[in-house]
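Student: One structure coming up, written as structure tokens, with questions to follow.
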Amino acid sequence: MKRIEENKLGMFKAVQAVLAKNQTAVATLPALVGSQEAFTTLINNITETDRALGTVTVGKVASKDKVEKALTAALLSLKGALASYARKTNNIELSLLVKFTKSSLKVMGNTDLENTAKTVLEIVEANKAALVTYGVDEAEITAFNETVANFKNATAETKTSYSEKSGARDSLTELFKEGDAILKDELDNLMLRMQGKYPDFYKAYKSARVIKNLGGGHNGGDEDTPPPPPVS
């Protein structure tokens, strides 16, 4: 959530608290009861959407990172066998294909890393009989094939999660617009009916309607800040 939105949500909650504290007065105006309920529901929706915005990618990115580490480890292990085999057979082309290092794998993009893994898999499959001498057996080849597939799937899921996050961001923006509309078009007008009969309630409402800068250690106004962790 952006800082400006956090400040506005603070105002929303302050208004909600004032309404909740003055239920006797609110109950005298059925239209105000309905608007209060709609406003409370909207605040809950903002809170849940903000949590989704912050957490939708977390699990999938962590899963992708785990699979990427496993793929890198498997590639480096197979490189040991393939580089030795290339040296033994004087296969310069193979030697060049497996010249990657841990550092070079780390800076590769997802596509390049996947292509490198596929190339290594093809080489291993084509030379598996000769590679037995280097400790590469059928079980390791099968496991590596699965790791390559897992990386491809994890990468696709991460892309999907970023798309979902974009959708949550759009939804949050629309919810704040809806909140502004409920306040300006409904609550502000209905509270005018309270001004004469319940002046203290009206004053408290007007005070709560002021957006305060919460400050604190948040990001700039255009950056989303992480939501609080989910309650276990």
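The values are calculated or read from the model by the stated rules, or taken from the named source; none is laboratory data. It should be emphasised that the depicted structure is a prediction, and the values quoted were computed from it without experimental measurement. Ideal geometry is used to build each Cβ from the backbone, glycine not excepted, and the neighbour counts take in all protein chains shown.
Student: Write out, first by first residue and then by second, each pair whose Cβ atoms fall under 9 Å of each other, whose residues are 6+ apart or on separate chains, and whose first residue, in region 127-146, is of a type in the set (Lys, Arg) while the second is outside any loop (DSSP other than H, G, I, E, B) and surrounded by 13 or more Cβ atoms within 10 Å (Cβ to Cβ).
Tutor: Matching pairs, first to second residue: 128/141.
Student: Something else now. Looking at region 15-57 only, could you name the residues that are without any contact (Cβ under 8 Å) to a residue 60 or more places away in the chain, in contact with a Ser or Thr (Cβ under 7 Å, 6 or more places away or on another chain) and in a loop (DSSP other than H, G, I, E, B)?
Tutor: Listed by number, the list is empty, since nothing qualifies.
Student: Shifting gears a bit: Looking at region 99-138, which of its residues are of a type in the set (D, E, K, R) and within 39 Å of the chain's Cα centre (by Cα)?
Tutor: 99, 102, 106, 112, 114, 118, 122, 125, 138 - these are the residues of region 99-138 that are of a type in the set (D, E, K, R) and within 39 Å of the chain's Cα centre (by Cα).
Student: Looking at 105, 29, 96, which is the one that is of a type in the set (A, V, I, L, M, F, W, C) and surrounded by 19 or more Cβ atoms within 10 Å (Cβ to Cβ)?
Tutor: Just a single option satisfies the conditions, and that option is 105.
Student: Something else: May I ask you to verify whether residue 139 is part of a helix (DSSP H, G or I) and surrounded by 13 or more Cβ atoms within 10 Å (Cβ to Cβ)?
Tutor: no
Student: How many residues are within 33 Å of the chain's Cα centre (by Cα) and either under 23 Å from residue 212 (Cβ atoms) or at pLDDT 95 or above (or both) if we restrict to region 21-50?
Tutor: 15
Student: Any idea which of (1) surrounded by 13 or more Cβ atoms within 10 Å (Cβ to Cβ); (2) at pLDDT 85 or above is the one residue 168 doesn't satisfy?
Tutor: Going through (1) surrounded by 13 or more Cβ atoms within 10 Å (Cβ to Cβ); (2) at pLDDT 85 or above one by one, residue 168 breaks only (2).
Student: Cβ-Cβ below 7 Å, separation at least six or inter-chain, first residue in region 197-214 and at positive phi, second assigned to a loop (DSSP other than H, G, I, E, B): which pairs?
Tutor: none
Student: Next question. Does residue 139 meet the test of being touching a Phe, Trp or Tyr at 6+ places or on another chain (Cβ under 6 Å) and either under 24 Å from residue 153 (Cβ atoms) or modelled with pLDDT of 95 or more (or both)?
Tutor: no
Residue by residue, here is whether (1) on the phi > 0 side of the Ramachandran plot; (2) not small (Gly, Ala, Ser) holds:
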| residue | (1), (2) |
| --- | --- |
| 22 | no, yes |
| 28 | no, yes |
| 52 | no, no |
| 73 | no, no |
| 84 | no, no |
| 87 | no, yes |
| 90 | yes, yes |
| 95 | no, no |
| 98 | no, yes |
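Student: On to the next question. Of the conditions (1) outside the structural domain of residue 154 (by TED's automatic domain parsing); (2) modelled with pLDDT under 95, residue 69 clears all except one; give me its number.
Tutor: Tallying (1) outside the structural domain of residue 154 (by TED's automatic domain parsing); (2) modelled with pLDDT under 95, residue 69 fails exactly one: (1).
Student: Could we say that residue 105 is in a helix (DSSP H, G or I) and at pLDDT 95 or above here?
Tutor: No, not satisfied.
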